[in-house]
1. Go through the residues of region 155-166 one by one and say whether even a single one is in contact with an Asp or Glu (Cβ under 9 Å, 6 or more places away or on another chain) and either closer than 27 Å to residue 90 by Cβ or at pLDDT below 95 (or both).
2. Within region 142-151, does at least one residue satisfy the condition of being of a type in the set (Lys, Arg), part of a helix (DSSP H, G or I), open to solvent by less than 70 Å² (accessible area, probe 1.4 Å) and farther than 17 Å from residue 60 by Cα?
3. Just checking, which of 71, 129, 86 is within 18 Å of residue 147 (Cβ to Cβ) and not acidic (Asp, Glu)?
4. Failed condition for residue 70, given (1) surrounded by fewer than 14 Cβ atoms within 10 Å (Cβ to Cβ); (2) not in a helix (DSSP H, G or I), with all others met?
5. Output the residues belonging to region 87-109 that are touching a Ser or Thr at 6+ places or on another chain (Cβ under 9 Å) and either open to solvent by 50 Å² or more (accessible area, probe 1.4 Å) or in contact (Cβ under 8 Å) with a residue 12 or more places away in the chain (or both).
6. Any chance region 113-122 includes a residue that's of a type in the set (Lys, Arg), in a helix (DSSP H, G or I), at pLDDT below 95 and surrounded by fewer than 17 Cβ atoms within 10 Å (Cβ to Cβ)?
7. Taking region 105-149 as the region of interest, how many residues are at positive phi and touching a helix residue (DSSP H, G or I) at 6+ places or on another chain (Cβ under 8 Å)?
8. Taking region 73-102, which residues are in a helix (DSSP H, G or I) and either of a type in the set (A, V, I, L, M) or in contact with a Cys (Cβ under 9 Å, 6 or more places away or on another chain) (or both)?
Amino acid sequence: LGLPAVAQEAPLVAAPASPEAAPPAARPNPLSESVAAVVNDDIVSSYDLMQRMRLLMVTSGLQPTQENLPQLEQEALRSLIDEHVQMQELRRVEKAQKITIISTDKEVEEQIEDIAKGNNMTAAQLTQQLQSQGVGIDTWKAQIRADSSWQAWISGRYGSRLRIGDD
């Protein structure tokens, strides 16, 4: 798959006494990546899942514990599966309608700059901060691309019919 091995990543929490008792994303796998989920023909690797868990922890400010690790893992996996389904649909629509929906690299970089400015940082500083906490920049860019592409398509498709109420 060409993905870095899990063993190269710093552990989130100390592993339980037996690997079988650990959540799948926390189990050591020094030889290769494992498959966390299959979304149609796309594979979500254990590396992808671990990275998303780290991104969730950094952005939410949560510290991993034995109690919240399973919930973090489920939330991370759910969001990865949703994103894969959304990106598959966007690629299908792009191909069928011969239009561009998916955010470009330039658009993703602009969003990162906006987020950094909102945090009184440069994009480089924000990127470095995420990397220092074990989050790969590609993980963050993939989430931004999926979110922005989906939101743009939904608002473009349903914008005039969307109604946000107080309830």
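The values are calculated or read from the model by the stated rules, or taken from the named source; none is laboratory data. The model shown is predicted, which means the values in this text are computed figures rather than measured ones. Positions of Cβ are generated from backbone atoms using ideal geometry, with glycine treated the same way; all protein chains shown enter the neighbour counts. With ligands, DNA and RNA removed, areas are computed over all heavy atoms of the protein, side chains included. Shrake-Rupley method; radii C 1.70, N 1.55, O 1.52, S 1.80 Å.
1. Taking region 155-166 first, the residues in contact with an Asp or Glu (Cβ under 9 Å, 6 or more places away or on another chain) are none.
No, region 155-166 contains no residue that is in contact with an Asp or Glu (Cβ under 9 Å, 6 or more places away or on another chain) and either closer than 27 Å to residue 90 by Cβ or at pLDDT below 95 (or both).
2. Applying the first criterion (of a type in the set (Lys, Arg)) to region 142-151 yields 145.
Restricting the remaining residues to those that are part of a helix (DSSP H, G or I) gives 145.
In the following step, the residues that additionally are open to solvent by less than 70 Å² (accessible area, probe 1.4 Å) were identified as 145.
Pick out the ones that are also farther than 17 Å from residue 60 by Cα and you get 145.
Yes - at least one qualifying residue is present in region 142-151.
3. Working: 71 fails: within 18 Å of residue 147 (Cβ to Cβ); 129 fails: within 18 Å of residue 147 (Cβ to Cβ).
The unique qualifying residue is 86.
4. Unmet condition: (2).
5. Kept after step one, since they are touching a Ser or Thr at 6+ places or on another chain (Cβ under 9 Å), are these residues of region 87-109: 87, 90, 94, 101-103, 107-108.
Matches in region 87-109: 87, 90, 101, 102, 103, 107, 108.
6. Kept after step one, since they are of a type in the set (Lys, Arg), are these residues of region 113-122: 117.
Now restrict to residues that are in a helix (DSSP H, G or I): 117.
Next, only the ones that are at pLDDT below 95 stay: none.
No, region 113-122 contains no residue that is of a type in the set (Lys, Arg), in a helix (DSSP H, G or I), at pLDDT below 95 and surrounded by fewer than 17 Cβ atoms within 10 Å (Cβ to Cβ).
7. Going through region 105-149 one residue at a time, the tally reaches 1.
8. Applying the first criterion (in a helix (DSSP H, G or I)) to region 73-102 yields 73-97.
Correct list: 76, 77, 80, 81, 85, 87, 90, 93, 96.
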